[in-house]
Amino acid sequence: MVKFLDIIFNTGIGVALLGFISASAMFLIWWERKVSAWIQNRFGPMRVGWHGLLQPIADAVKLLLKENISPASADKLVWWLAPFFAVVPAVMAFICMPFDKNLIARDLNTGVLFMIAITSICVFGIFMAGWGSNNKYSLLSAMRAVAQIISYEIPLTLSVLTVLMFANSLSMQDIVRAQSKYWFIVYPNLTIAFIIYIISATAEVNRAPFDISEAESELVAGFHTEYSGMKFAMFFIGEYTNFFIISAIAATLFLGGWQGPFLPPVVWFLLKTYAIVFLLMWVRWTFPRVRVDQLMAFAWKVLTPIAFVNLLIAGLFLIKTR
Amino acid sequence: MKKYFQNIAIGALSLIKGLVVTFKNIFCPKITLQYPSERQSMAERFRGLVDLRVNKCIVCSQCVRICPTACLSLSAKLTEEKKKALESFKYNMELCCFCGLCEQVCPVSAVYLNKIYEVASFNRQDLYIDLLNPEKYVKFVNPAVK
Amino acid sequence: MQSVNFFEVIRAKFPEALQEESTQAIIIPKEKLLTLARFLKTHEPEFDSLHCLTAIDRKERIEVVYIFCSLKAKASLTLKVYLNINDLKVESLAGIWKAADWFEREVYDLFGVTFLNHPNLKRILNPDDWQGYPLRKDFTHPNIVKKP
Amino acid sequence: METALKESKCITTEEFLINMGPQHPSTHGVLYLELKLDGEVALGCTVHLGYLHRGMEKIAESRTLTQFIPFTDRLDYIASMNNNLAFVLAAEKLLGLEVNARAKYIRVVIAELNRIASHLLGIGCFAQDLGAFATPLFYCFRDREKIVDIFNELCGNRLTYNYMRIGGVQFDFTKEIEIKIKEFIKYMSNKVNDYEWLLSGNVIFLARTKNVGVLLKEVAINYGVTGPNLRASGVKWDLRKDEPYSGYENFQFDIPTGINGDSWDRYKVKLEEIKESLKIIEQAIGALPEGDPTVKAGRQHKLPVGEAYMRSENPRGELGFYIAGDGSFNPYRLKIRPPSFSNLSVIAELVKGCKIADVVCILGSLDIVMGEIDR
């Protein structure tokens, strides 16, 4: 009997989480179009609903009604599976996201490790899409995406490692509680870790200056050229959910998660996440794209050494103070 | 070693300068128009569609001769007092390049270009216009235009 | 850009060069073109850029017009080669000025003048399977609409 | 180590062809580049033209000179005023016509305004090709909109103006237009350092464009490259200074040149030229002489027997018109020498050994327009 109740309770959490994820993805899509419009002196979507608030829903309905074309000589199974591999890991990463003191799906004691492991699975989705759609441009963009995401895993994990050394626990709630005195970003070498995290996180999610995989001007539309209708929407939602996750992790790890003076904790968490989301959007609409080899050189020759040195200094600093 | 960090510093500074420009532009006034409701007012010399003040025309067919893409064609008939009058004046809007030469060359300024610029239509017949009938451009004039 | 009266210098080297009175263009027979071109490229105000290359169909002959330009001496020179209508062959200058490569392909495409040992003489503006040479005066095509 | 080498012998990688086909977001019009790729590196490219070939030169042979002016708008449709100017100057040279001072000054002001509009679009599209998605492009279009509004006020159309006439211009400057131009000069001079901040110094922009597509001085001259691309390779050659036409000799401005002719220099020369053009407009608008520049459109000119070649400094290079007359109203032969035609012929040489991203960068920096290449 108890097990039955458990199942209902968990599916309830799951449905609530899915609701939140799709709502936040919709909101992020709308907000990205608004921010890019403000930056470029234009209004952005204004027609559907007040200031275009219903625009994402209109887009979703449009994509639903679109015909699902699959390229003739595509590798059917791989091509069909790719969108799921892009969305499912992104959604699963919400399991140990600390929205509030007790508002968390499952507070795993290896929370951070789980998150990083899950988010790196969506590389498979991209590569399957690239290989499955059997067209040269997608193959090229898939190869680029794989190389990029793998080489940016290392600086990402190193910067997260430095944070763990300070919080000496993997669970997300403990990290947030460890920042009760002051946020982690205040420590000098954690600010460097924050910068490295932000840069490699944008590269992880193929955004902003590192969006070489779906580079409009070179590879037309990259790996999701052959996708239309709901499959394309899946990639879209996957991309924005990933975007939300990396800013949420950054908020919890560096800006003290749901801690804040008088506002309710959930609001604080969302405020900090959306501040980082705004920063990444602002960066996206300002900088040109980095070339493939510069991107790799930047990861291996600049980010990784600095991340290692930062780790070393953090270790020495902790030995001295603790 | 020093050069290595110097490069990173210069690079970071230049990135921030770019961000400052975009941030400044967030608060600049928006310049786009919400098209169907707000419209751009065309200049007084704007060259829209060819139009004809029928009574002024003295059928000298200078405009037909000057037109670079030969989209005007007219035929005349003799009235009782041996005066030439227009029988038909065809205007093929599909070929017209809106250069305005017919307006400049007309001695009595009978042919002129009006201010209509929304000229899309679903079938080709709409583009072959007979300039003599008065309500030729009614379907192109958008009621929302003030 | 005064077209420097370069004619005497050329006449000294190439006696059979003539001068067209209306446009000061220098006319050179077909055989001497390559040697004159090298002479122009290397001689004192080197004409280091071939600015324009075109052709005119005078019904019984086709005139190929070369306009050279020397950036240092700010001088320009027009050269003409008369080609009889039934043997339209002339040396290609693509070896000396790379600009000539595409110009000559265009003249071949629109006039039918074949340039000998040109790197790849193919049609440049019209599709490869196009019949006839459009800019010839006697060119007719079913859907050419005569202007009334 | 040898064993690895031996095995690698039998794993042969062969190149594959990719069509940066006529339908591609960054080919600035209908250009078909067939790229031979080895992985990410381009080995060579063949250029296919002719998708926009409308047979302008054949059309010219059955039109009078005034009737052909609207067609010159459609050559380099981003700088139509400069095309009109080049054609009109060539016709006047053949007819031996003189133009009064006011018309010359008006032509200079309008040509320079159109140069700014064209360079703005060139820079905006170049930044767009490099991935700075739409932000610099929208800033450029916002500034270009001001110029297009002035032209709309002046001659009635926003893109294909048909404004210049043989022997003068169609309309005179009204008071409001002069005020608008003066306002524009003030507005534009502080907008230019926005672009300096946003693009020129940006480290990603530098990394993407420095020594990419280096065009040496000799190669540029040999291929007949003209305009900002030639000046970016260090050749100080500008028709407005070296072969002044239409009154350019009585204005003070200098010619920006680059150093090593890479994509960044081509971008920088265009940006500097916008500042120079602002200087010219300021001097020209200040000293606008009196007189009546307008010309009645109806006058048809009979072409004398003979030929004339005239070229003018277009934003993209030297646009030349070779007109041969035979005594009738229609030109016997009209050759258009477009600048982008030779500028594009360099691409096969610049593309060897660079990545796909660089191919797009080089094509964007050369700033070609297919309308005038295919005529």
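Does segment B:73-146 classify as rounded, prolate or oblate by the C-alpha gyration tensor (a ≥ b ≥ c root eigenvalues; a/c under 1.5 gives rounded; else a/b over b/c gives prolate, otherwise oblate)?
prolate
On average, how many beta carbons from a partner chain sit within 10 Å of the beta carbon of a residue in B:6-14?
Details: counts 0, 2, 3, 0, 3, 8, 2, 2, 9.
If you average over the peptide's residues, the count of other-chain Cβ atoms is 3.
Which one of B:124, B:65, B:47 has the biggest mean-square fluctuation once chain B is modelled by GNM with Cα springs under 10 Å?
B:124
Calculate, for residue D:176 and residue D:287, the FRET efficiency according to 1/(1 + (r/R0)^6) with r their C-beta to C-beta distance and R0 22 Å; round to the nearest 0.05. If you can, show how the numbers build up before the last one.
Details: r = 20 Å, r/R0 = 0.90.
E between residue D:176 and residue D:287, to the nearest 0.05, is 0.65.
Please list 3J(HN,Hα) in residue order for segment D:137-153, calculated via the Karplus relation 6.51 cos²θ - 1.76 cosθ + 1.60 where θ = phi - 60°; whole Hz, with x for glycine and proline.
Coupling constants for segment D:137-153: 4, 6, 5, 5, 5, 5, 6, 5, 4, 5, 5, 5, 5, 4, 5, 4, 5 Hz.
Compute the Cα gyration tensor for chain B, then decide on rounded, prolate or oblate, letting a ≥ b ≥ c be the square roots of its eigenvalues: rounded whenever a/c is under 1.5, prolate when a/b is larger than b/c in the other cases, and oblate in all that remain. Mind dumping the intermediate values first?
Numbers: a/c = 4.04, a/b = 3.04, b/c = 1.33.
Here chain B falls in the prolate category.
Which whole-angstrom value gives the distance between the alpha carbon centres of segment D:192-236 and segment B:29-87?
47 Å
Taking the Cβ of each residue in C:141, D:48 as the centre, tally the other Cβ atoms inside 10 Å and list the residues starting with the fewest.
C:141, D:48
Kindly write out, for segment A:289-302 in residue order, the coupling ³J(HN,Hα) from the Karplus curve 6.51 cos²θ - 1.76 cosθ + 1.60 (θ = phi - 60°), rounded to whole Hz, with x marking Gly and Pro.
My calculation for segment A:289-302 gives 8, 8, 6, 4, 6, 5, 4, 5, 4, 4, 5, 7, 8, 10 Hz in order.
Say each of residue B:41 and residue A:106 gets a label point 7 Å from the Cα, pointing the same way as Cα to Cβ; how far apart are those two points in nm?
Between residue B:41 and residue A:106, the label points sit 6.6 nm apart.
Run the numbers on chain A and let me know its relative contact order in percent, using alpha-carbon pairs under 8 Å that are six or more apart.
23 percent
Can you put B:93, D:188, B:1 in order, fewest other beta carbons within 10 Å first?
Numbers: B:93 17, D:188 20, B:1 5.
Ordered by Cβ neighbours within 10 Å, fewest first: B:1, B:93, D:188.
Using the 10 angstrom Cβ neighbour count as an exposure proxy, how do D:115, B:39, D:299, D:333 rank, fewest first?
Ordered from fewest to most neighbouring Cβ atoms within 10 Å, D:115, B:39, D:299, D:333 come out as D:299, B:39, D:333, D:115.
Could you compute the FRET efficiency for residue A:117 and residue A:61, with r as their C-beta to C-beta distance and R0 at 35 Å, rounded to 0.05?
Working: r = 35 Å, r/R0 = 0.99.
The computed FRET efficiency comes out at 0.50.
Within segment A:60-78, whose backbone N sits under 17 Å from a point 7 Å along Cα→Cβ of residue A:228?
A:60-74
Do the sum for chain A: with -39,500 (n - 2.57) for every DSSP H run of n ≥ 4, divided by all residues, what is the mean residue ellipticity at 222 nm, to the nearest 500 deg cm²/dmol?
Mean residue ellipticity, 222 nm, calculated: -22500 deg cm²/dmol.
Going Cα to Cα from residue A:66, which lysines come in below 20 Å? Please leave out same-chain ones fewer than 8 positions away.
Filter leaves A:76, A:231.
So what's the back-of-envelope 222 nm ellipticity for chain D, counting only DSSP H runs of four-plus at -39500 (n - 2.57) apiece and dividing by all residues, rounded to 500?
-15000 deg cm²/dmol
List the residues whose amide H sits under 5 Å from the amide H of residue D:355, counting only those 5 or more places along or on another chain, with H placed 1.01 Å from N in the peptide plane.
D:42
With angles folded into 0 to 90 degrees, how steeply does helix C:99-111 sit against the dominant principal axis of chain C? Use alpha carbons for both and round to 10.
Taking Cα atoms only, the helix is inclined about 40 degrees.
Which of rounded, prolate or oblate describes segment D:108-239 when judged by the alpha-carbon gyration tensor and an a/c cut-off of 1.5?
Oblate, because a/c is 1.5 or more while a/b does not exceed b/c.
Can you flag which of C:30/C:89; B:77/D:296; C:147/D:296 are past 19 Å Cα-Cα?
The pairs that break the limit, which is 19 Å between Cα atoms, are B:77/D:296; C:147/D:296.
I'd like the antiparallel share, as a percent to the nearest 5, of DSSP beta bridges with both residues in the protein assembly as shown. Write out the running numbers ahead of the final one.
On the way: 63 of 69 bridges.
About 90 percent, rounded to the nearest 5.
List the residues, sorted by chain then number, that are 5 or more residues from residue C:58 or on another chain and whose placed amide H is less than 5 Å from its amide H.
So residue C:58 has HN proximity to C:63.
Can you pick out the pairs among A:34/D:186; A:272/D:210; A:136/A:301; C:41/C:137; B:56/B:136; C:80/D:270 whose Cα atoms lie more than 27 Å from each other? Intermediate results must be reported in sequence, preceding the final value.
On the way: A:34/D:186 30 Å; A:272/D:210 38 Å; A:136/A:301 30 Å; C:41/C:137 33 Å; B:56/B:136 18 Å; C:80/D:270 36 Å.
Distance filter (> 27 Å) returns A:34/D:186; A:272/D:210; A:136/A:301; C:41/C:137; C:80/D:270.
Modelling each spin label as a point 7 Å along the Cα-to-Cβ direction, I'd like the residue C:20/residue B:128 distance in nm, to one decimal.
The two pseudo-label positions are separated by 4.5 nm.
Return the single residue from D:11, D:166, D:147 with maximal mean-square fluctuation; model: Gaussian network over chain D, springs between Cα atoms under 10 Å.
D:11
Note down the magnitude of the dipole of segment A:71-321 about its Cα centre, charges +1 on Lys and Arg C-beta and -1 on Asp and Glu C-beta and zero elsewhere, to the nearest 20 debye.
The dipole of segment A:71-321 has a size of about 400 debye.
Scan chain A and note any complete DSSP helix (H) whose C-alpha atoms cover at least 27 Å along its axis and whose Kyte-Doolittle average is 0.5 or more.
In chain A, the long hydrophobic H runs are A:2-39, A:136-167, A:230-254, A:265-284.
Using only Cα atoms and rounding to the nearest 10 degrees, what angle (0 to 90) does helix B:2-26 make with the longest principal axis of chain B?
40 degrees
Could you sort out which of B:84/D:58; D:104/D:175; D:241/D:268; D:275/D:352; A:101/B:24 sit more than 28 Å apart by Cα distance in this structure?
B:84/D:58; D:275/D:352; A:101/B:24, as the Cα separations exceed 28 Å there.
Using alpha carbons only, how many degrees (0 to 90, rounded to 10) separate the axis of helix C:33-42 from the longest principal axis of chain C?
50 degrees
Each reported figure results from applying straightforward, stated rules to the coordinates on display, with no laboratory input. Computed from a prediction, not measured in an experiment: that's the story for all the values here. Cβ sites come from the backbone with ideal geometry, for glycine too, and all protein chains shown count toward neighbours.
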